[in-house]
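These notes are about the structure you will find just below.
The values are calculated or read from the model by the stated rules, or taken from the named source; none is laboratory data. Owing to the predicted nature of the structure, the values given are computational and were not obtained by experimental measurement. Positions of Cβ are backbone-derived with ideal geometry, glycine not excepted, and every protein chain shown enters the neighbour counts. Protein only, heavy atoms only, side chains kept; ligands, DNA and RNA dropped before computing areas. Shrake-Rupley method; radii C 1.70, N 1.55, O 1.52, S 1.80 Å.
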Amino acid sequence: MTAPTADLLDPTSSAYKKARKRHIKTIKNRRENVEADWTPFRAAEKKYKARFPPPDLSHVLDLALADGSRAKEIEMGWWKGRVDAVDVKEIPLKHASGRPGYVFPDLPGLVLLPRFVTDDTQRELVRWALHDHARPPNVNNLDTHYVLPPEGLWNSYISSPDLVIHPVASSSGRSHEIVVAEPAGPRTLISNPPASPASFSSLASEPKPLAAPSTTVLPLSTSALLPKLRWANIGWFYHWGTKQYDFTRGKEPVDPRVRQVCQNAVSAVPWEVVFESDEAEGWGEDEPDWKRWDETYEPDAGIVNFYQTKDTLMAHVDRSEVCATSPLVSISLGNAAVFLIGGLTRDVPPVPILLRSGDVVIMSGPACRRAYHGVPRILENTLPSHLHVTSSDEDWTPYAEYLKSARINVNVRQVFPKGFEPHLENH
């Protein structure tokens, strides 16, 4: 917690009084008893998203507190939950340098692997995400609105931080392409039907037009535009307008480093222990596929999320993949975050987990793979020391500076079950 944030706990401090005044102004026009309409998931989002007063993390699971080697990291960041906040069960991993994994009896299929990614690999993945991945041919959120340099925004920022990037709308770069403008008024939430082998053909055939570039964004320098980078696509192209994959755009290879971390995580888990009490419901017509994940798990799509400390990711479900139960692997890098995961509806109270750099979450199985989840809070000043500036690696300096106010999440899925023939040539 920063010094100003710590001051928010002191009612006599000027920071507290200023924040309280701003908070009162913010909620002045809020409808009375608005909380009564919130689902349990929405109530949890509001709780941890709040800037005033700072959220109480005493009900947030923080398994780093059980690891003595992370004591300095926790103390430096101030924020901490409790190791006993949520009911978990420790499980031995097959090959992870003696580190344990954890499962959640109330949510079978959810696995947490604290600090599974080594310090060196964390740095390597950060470099990959910014330097190697957030550039063509991988699509990111800014491509719709800005004419980005071919070497990628990060690399252009490193070489020319004052270079001005111009909006697409002021150029002729996409005048020949069919685009669909968003309707005026509040943005409507899209509830996409879940993908399955039976629905795949119809979903793949749906039109997926390009989004229209904004006509209001302004030219910005690379240094001003970089904090606006929110995501970069991995593998199969994801169409945000329909929340389905656009298979006509093809698939880029999943980087071997990312693929290896994901496969190592999945193969390290003793799935017979994770699903020992599972009643085999919801797995489909065949036997539960976890018994074959050593052979069938193949990550082929995903997204890199780039968060600034004030960003959030609200409750959602990842259900565009034909694979409805195979592992979704999520890798945390940079500042810590509060992660919420509930059930198959927003009416299920979510489990709050504090995720730190190097932690891996696996969502799998019929009860968890398509559970609602989100990130309502990035916890400022929680960057671990191994991601700080070091005198021995000057090239790391810009990455360390970026990470001071950022979190990167690499989220990887499997779209097609092994052996499924999508016949993409027909779409």
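Ala315 meets each of the listed conditions (1) in contact with a helix residue (DSSP H, G or I) (Cβ under 6 Å, 6 or more places away or on another chain); (2) open to solvent by 10 Å² or more (accessible area, probe 1.4 Å); (3) closer than 22 Å to Leu113 by Cβ; (4) part of a strand (DSSP E or B) apart from (3). Any residue at all in region 327-342 that's among the polar types (S, T, N, Q) and within 21 Å of Phe416 (Cα to Cα)? Yes; the residues of region 327-342 include at least one that is among the polar types (S, T, N, Q) and within 21 Å of Phe416 (Cα to Cα).
I'd like to check something: does region 28-48 contain any residue that is in contact (Cβ under 8 Å) with a residue 12 or more places away in the chain, in the same structural domain as Ala315 (by TED's automatic domain parsing), touching a His at 6+ places or on another chain (Cβ under 6 Å) and more than 30 Å from Ser267 (Cα to Cα)? No, region 28-48 contains no residue that is in contact (Cβ under 8 Å) with a residue 12 or more places away in the chain, in the same structural domain as Ala315 (by TED's automatic domain parsing), touching a His at 6+ places or on another chain (Cβ under 6 Å) and more than 30 Å from Ser267 (Cα to Cα).
Of the residues making up region 165-191, those that are at pLDDT 95 or above and open to solvent by 70 Å² or more (accessible area, probe 1.4 Å) number 1. Counting only residues that are at pLDDT below 95, aliphatic (A, V, I, L, M) and outside any loop (DSSP other than H, G, I, E, B), region 31-65 holds 2 of them. Here is the figure for region 330-359: residues that are closer than 25 Å to Pro40 by Cα, in a strand (DSSP E or B) and of a type outside the set (Gly, Ala, Ser) total 9. From the set of residues in region 136-148 that are in contact (Cβ under 8 Å) with a residue 60 or more places away in the chain and assigned to a loop (DSSP other than H, G, I, E, B), which is surrounded by the most Cβ atoms within 10 Å (Cβ to Cβ)? Of everything passing the filter in region 136-148, Leu142 is surrounded by the most Cβ atoms within 10 Å (Cβ to Cβ).
Taken over region 274-311, the residue count meeting the criterion of being assigned to a helix (DSSP H, G or I) and surrounded by 18 or more Cβ atoms within 10 Å (Cβ to Cβ) is 4. Screening Arg230, Arg249 for residues that are at pLDDT 95 or above and of a type in the set (Lys, Arg) leaves exactly one candidate, Arg230.
For region 7-30, give me each residue that is open to solvent by less than 70 Å² (accessible area, probe 1.4 Å) and not in a helix (DSSP H, G or I). Within region 7-30, Leu8, Asp10, Ser13 meet the criteria. Restricting region 376-388 to residues that are open to solvent by 10 Å² or more (accessible area, probe 1.4 Å) and touching a residue at least 24 places away in the same chain (Cβ under 8 Å) leaves a set whose member that is nearest to Leu333 (Cα to Cα) is Leu383. A single entry from Ser392, Ser357, Ser364 fulfils the requirement of being more than 17 Å from Gly77 (Cβ to Cβ) and surrounded by 22 or more Cβ atoms within 10 Å (Cβ to Cβ): Ser364.
Under the condition of being without any contact (Cβ under 8 Å) to a residue 12 or more places away in the chain and among the polar types (S, T, N, Q), which residue from region 205-261 is most open to solvent (accessible area, probe 1.4 Å)? Result: Thr216.
Within region 327-348, residues that are basic (Lys, Arg) have Cβ atoms under 7 Å from residues that are in a loop (DSSP other than H, G, I, E, B) and surrounded by fewer than 24 Cβ atoms within 10 Å (Cβ to Cβ) in these pairs: Arg346/Thr39; Arg346/Tyr372, counting only partners at least 6 apart in sequence or on another chain. Are any residues in region 75-122 assigned to a helix (DSSP H, G or I) and surrounded by 20 or more Cβ atoms within 10 Å (Cβ to Cβ), and if so, which ones? Listed by number, the residues that qualify are Gly77, Gln122.
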